[in-house]
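Derivation of every value follows stated rules applied to the coordinates shown; laboratory data play no part. Owing to the predicted nature of the structure, the values given are computational and were not obtained by experimental measurement. Neighbour counts are summed over all protein chains in view; Cβ atoms, including those assigned to glycine, are modelled from backbone coordinates with ideal geometry.
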Amino acid sequence: MTTTLSWLGEQLYGLASRLGLPGIVPFLVILAVAVGVVLAYIAVSCMFLIWWERKISAHIQVRFGPMRVGGWHGWAQSIADAIKLLLKEDIIPSGADKVVFVLAPMVVFAASLASYVTIPWAPGLIVRDLNIGVLYMVAISSLAVVGIIMAGWSSNNKYATLGAIRSAAQAVSYEVPLVLSILGPVMMAGTIRMGGLVDAQAGTWLGFLPRWFVFPQFVAFFVYFTCALAECNRLPFDIPEAESELVAGFHVEYSGMRFAMFFMAEYANMIVVSAIATTLFLGGWKGPWVTLPGLSAELSRGLFGLVWFQAKVYFLLFVMMWLRWTLNRLRVDQLMDFAWKVLLPIAFANLIVTGLVLMLGKEILFYAGGLGLLAAAALVLAARHRPSPTPGAVPAGKVG
Amino acid sequence: MTPKLAIFYFLAAFTVWAGAVVVLGKNIVRAAVALIFSFCGIAALFVLLDADFLAAVQVLIYVGGITILLLFAIMLTSRISVRTVRVINDQVVLSALASLGILAGLAYASVKGIGPLVGPPTIPETTPFLGRELLTTYVLPFEVVSILLLAAMVGAIVLARKE
């Protein structure tokens, strides 16, 4: 895929120099094409994902979901919805701060669009394989919260403001274990380039498992996926927009195309976090491939990589939707407790164990396991000798 | 004018404009939002200087962390976002003197030219270099800062739990 793309680029540069254009023109053309492709991908996948989510939710609740528009299983429902949203009247509430109100959806969408720069779709197919890939992703994803706060505040609506405050608290809290969980695979690969992370997962574990980081780093994967759900404001972490208490949270005053931008950004963000999970833990575009007839080996490897990457991303998206229609919403205090008292210690422990194993070799795991068993046995023995508290009594220190 | 220079001037103007909104804005939430744009502009300037790691950290810490906490605090303070704040206070003369002094220094430096304190960096990738330096040459300051931050965190929790 790399050679095909660079051949196309050379053709473009050659054409520009024959026409006597400066070197920046083909560069800008390539830039525009890349942005256009990414935007088209986001728009199409958002429409598909919305339809898919409605279908999944319907089937989980033993319904059919949209069935009429377009014929086969209502496949054109999202297109109809998009046209409806585009044609709607643009409403800005009279009490709103107009500049911030208009800017907010743009900031949210721009943040998720910018994350697509470093997603490695296939071997050699990446907009820019930055040196600081993972760090860039983490930094950019924190921008979306800013847009949400802007939306919540500028709407001049108490439900919107409450949703924005909840969103800010949630995003800041869950970002800490998220970054710590990402560090596990980064330490194993020794790079934060997205392409380098995929390359580090070539080969097999124990001769039969693909060398994906999800196997040694399953704890980090669990922490990452939980935090990613929270970063996307997905159930069970959707308290910023909890319908039953906050109407719709931060975007309650938005309608028409501005609302559609928030909606698109949410699905675009889901794709981004799934793509990061795929790159860091599930081996990226790696998977079995064969040379297709009539194509070069490299190109068919690239095409297979593209399909494998999409398959993994869509599997994770399916899990996210599945969880949404299965789990209950958490309360605010449960949410905060979970981030700081459960996820953060787990992420730290994973980091320490990963570091120790990397520095001291795998044998340390056996010694540590033995010590852990001894400690557990000692704890169990100690617990059996302690008198059990009277049932129903409030333990001291828990009052007030 | 090369494209890079044009981009620099655009980013510089953008950053200064956002900074001016922060200082002169009468509405505190708008000022905080403008602060975010100003930080992003500075991060983009870092990218122009090949300091990509610094740029990402700038966005992560200042935009993703500090400004969001700032906005959080503003929203929790009752009615502060409705009130217009005073932009100029009693120390206007003193601060004018200080900023004029800085302006004079910067103008002198850019017209006459002061030699760079360190040579231009020759590091191909900044991130591994930074990591290695932080854990070898500069490990003591690094640890001291870590302990300071830990102490600040513990102090914040103690203060918050006092009631």
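Here are a few things to note about the model shown:
- Mean Kyte hydropathy of 1.0 or more with a Cα span along the axis of at least 18 Å, helices from DSSP in chain A: A:24-60, A:98-114, A:218-231, A:256-281, A:297-324, A:344-360, A:363-385
- Computed over chain A, the per-residue total of -39500 (n - 2.57) for DSSP H runs of n ≥ 4 gives a 222 nm mean residue ellipticity of -22000 deg cm²/dmol, rounded to 500.
- Check: the protein assembly as shown dipole with +1 on Lys, Arg Cβ and -1 on Asp, Glu Cβ, in debye: 800
- Using distinct alpha-carbon pairs, which all enter the 1/r mean, Kirkwood radius of the range B:122-163 in Å: 12.3
- Of A:119, A:92, A:149, the residue with the greatest mean-square motion in the GNM of chain A, using alpha carbon springs below 10 Å, is A:92.
- Using the Cβ-Cβ distance between residue A:106 and residue A:12 with R0 set to 35 Å, the FRET efficiency from 1/(1 + (r/R0)^6) comes to roughly 0.70.
- Across A:67, A:257, A:187, mean-square fluctuation computed from a Gaussian network of chain A (C-alpha pairs under 10 Å connected) peaks at A:67.
- Semi-axes of the equivalent ellipsoid for chain B, computed as √(5λ) from the eigenvalues of its C-alpha gyration tensor and ordered from largest down, come to 30, 27, 17 Å.
- Computed lengthening from residue A:378 to residue A:44, 0.36 nm per intervening residue step minus Cα-Cα distance: 114.5 nm
- Among B:144, B:96, B:154 the positive-end extreme of the charge dipole of chain B (Cβ point charges): B:96
- Based on the Kirkwood approach, the hydrodynamic radius assigned to the range B:1-77 is 13.0 Å, with every pair of different Cα atoms included.
- From largest to smallest, the equivalent ellipsoid semi-axes obtained for the protein assembly as shown from the alpha-carbon gyration tensor read 36, 35, 31 Å.
- Span-rule helices in chain B, defined as complete DSSP H runs reaching 20 Å or more along the axis (Cα) with Kyte mean at least 0.0: B:3-24, B:28-48, B:92-112, B:139-161
- Computed E for residue A:298/residue A:98 - FRET, C-beta separation, R0 41 angstrom, nearest 0.05: 0.20
- The range A:35-181: relative contact order as a whole-number percent, Cα under 8 Å and 6+ apart: 18
- Taking only the C-alpha atoms of the range A:88-378, the Rg (one decimal) and the largest Cα-Cα distance, Dmax (whole number), read 21.0, 69 Å.
- Length added when fully stretched, residue B:130-residue B:7, from 0.36 nm per residue minus Cα-Cα: 41.6 nm
- With R₀ fixed at 22 Å, the C-beta to C-beta distance from residue A:336 to residue B:159 puts the FRET efficiency at about 0.75.
- Chain B, relative contact order in percent, only Cα pairs under 8 angstrom and at least six apart counted: 18
- Among B:71, B:134, B:49, the largest mean-square fluctuation in a Gaussian network model of chain B, built with springs joining Cα atoms closer than 10 Å, belongs to B:134.
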